[in-house]
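No value in this document is a laboratory result; all are computed from the given coordinates. For clarity, every value in this text was computed on a predicted model and none was experimentally measured. Here the Cβ positions follow ideal geometry from the backbone for every residue, glycine too, while neighbour counts run over all protein chains shown.
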Amino acid sequence: MIQIKNLTFSYTGSSPYVLNKINLDISRGSYVSILGENGSAKTTLLKLLLNLLKPSSGVITLDTNKIGYVPQRVESFNSQFPITVSEMLKCHMKVLKLKSSKSVLNSLDSVGMENFKNSLIGDMSGGQQQKIFIARALMGNPKLIVLDEPSTGIDVQSQREIYSIIKHLNLHLGITVIAVEHNLKAALDNSTHICMMEIGTATLYTIDEYRKIIRVS
């Protein structure tokens, strides 16, 4: 699904590099959680995958252009803006040049939010909003979903529901998932692989390999 070869990146275009000759191979159908301390360039890696940033050198190869993106919830929406769920998703439908209005209802149904189509997003809880942003990412039937800290600022029960949705998309629909993650328990419970990042480096482990490293059964 994704092959990264000798990926190097600097915001200045020269040394020091926040990513330095990164090599990763991510298989189709994987669920990869990206872990690391603040400043280890986790979100930078996502932006490079999404082509929002250009590598200083190296190559990123994706075998699909059908990608859904869920940014950090705090960055996703101005809660004061008076727009309904349906209106927001219809706007995104136009961005994706989708013709069928069923794509809105289908995406909401996928996250159990079909009854909220006429609700104002600003009036919804954090967990409900995040489900809507996942629904938006599902429009266009992506083969890959990229999420940036999907449980940030969300209550515990909503976190469980959101990870259940993401894992269902991965296991039952075969969607490859890549998520920057601060929630270690969620990463261990749901992922097939862990990408551990330190400043300049990234190492991919299977979940069993990573459990042995941190000695979690």
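Quick notes on this structure:
- Legend: ranking of residues His193, His92, His168 from fewest to most surrounding C-beta atoms inside 10 Å; resulting order His168, His92, His193.
- Qualifying chymotrypsin sites (Phe, Trp or Tyr not before Pro) in segment 1-91, DSSP loop, other Cβ atoms within 10 Å at most 13: Tyr11
- Rg over Rh, two decimals, the chain (C-alpha only, Kirkwood Rh): 0.97
- The chain, dipole about Cα centre (Lys/Arg Cβ +1, Asp/Glu Cβ -1), debye to the nearest 20: 600
- Charge sum, other residues only, whose C-beta stays under 13 Å from Lys94's C-beta, Lys/Arg counted +1 and Asp/Glu -1: +3
- Over all pairs of different C-alpha atoms in segment 157-203, the reciprocal of the mean inverse distance, the Kirkwood hydrodynamic radius, equals 11.7 Å.
- Annotation: amide H-H contacts under 5 Å for Val70 (H modelled 1.01 Å from N, sequence separation of 5 or more, or interchain): Val146, Leu147, Asp148.
- Average Cα contact separation per residue, segment 1-59, under 8 Å, 6 or more apart, as relative contact order %: 43
- Expressed to the nearest 5 percent, the antiparallel share of DSSP beta bridges inside the chain is 45 percent.
- Residues Lys66, Lys131, ranked from the fewest to the most other C-beta atoms within 10 Å, line up as Lys66, Lys131.
- Size of segment 91-135 from its Cα atoms: along the principal axes, largest to smallest, the extents are 30, 17, 17 Å.
- Using a cutoff of 8 angstrom between alpha carbon atoms and counting only pairs six or more residues apart, the relative contact order for segment 1-142 works out to 24 percent.
- Euclidean distance between Cα centres, segment 39-118 to segment 134-209, Å: 15
- For segment 1-116, a crude dipole built from +1 on the beta carbon of Lys and Arg and -1 on the beta carbon of Asp and Glu, taken about the Cα centre, is about 380 debye to the nearest 20.
- Our summary gives segment 63-160 a relative contact order of 48 percent, counting only alpha carbon pairs under 8 angstrom and 6 or more residues apart.
- Applying the criteria of a DSSP loop state and at most 13 other Cβ atoms within 10 Å to the trypsin sites (Lys or Arg not before Pro) of segment 1-35 yields Arg28.
- All-pairs Cα distance distribution in segment 1-88, expressed in whole percent, bin size 10 Å: 14, 42, 28, 14, 3
- In order through segment 176-187: 3J(HN,Hα) via Karplus (6.51 cos²θ - 1.76 cosθ + 1.60), integer Hz, x for Gly, Pro: 6, 10, 10, 9, 5, 9, 9, 9, 4, 4, 4, 5
- Sequence-ordered 3J(HN,Hα) estimates for segment 161-174 from the Karplus curve with 6.51, -1.76 and 1.60 and θ = phi - 60° stand at 5, 5, 5, 4, 5, 4, 5, 4, 4, 6, 6, 9, 9, x Hz, glycine and proline given as x.
- Amide proton proximity set for Ser57, modelled H, under 5 Å, gap of 5+: Thr8
- Each residue of segment 122-137 was assigned a 3J(HN,Hα) from its phi angle through the Karplus expression (A = 6.51, B = -1.76, C = 1.60, θ = phi - 60°), giving x, 8, 8, 6, x, x, 5, 4, 5, 5, 5, 5, 5, 4, 4, 5 Hz with x at Gly and Pro.
- Qualifying lysines (Cα of each under 17 Å from Cα of Lys21; at least 8 residues distant if same chain): Lys5, Lys42, Lys47, Lys54
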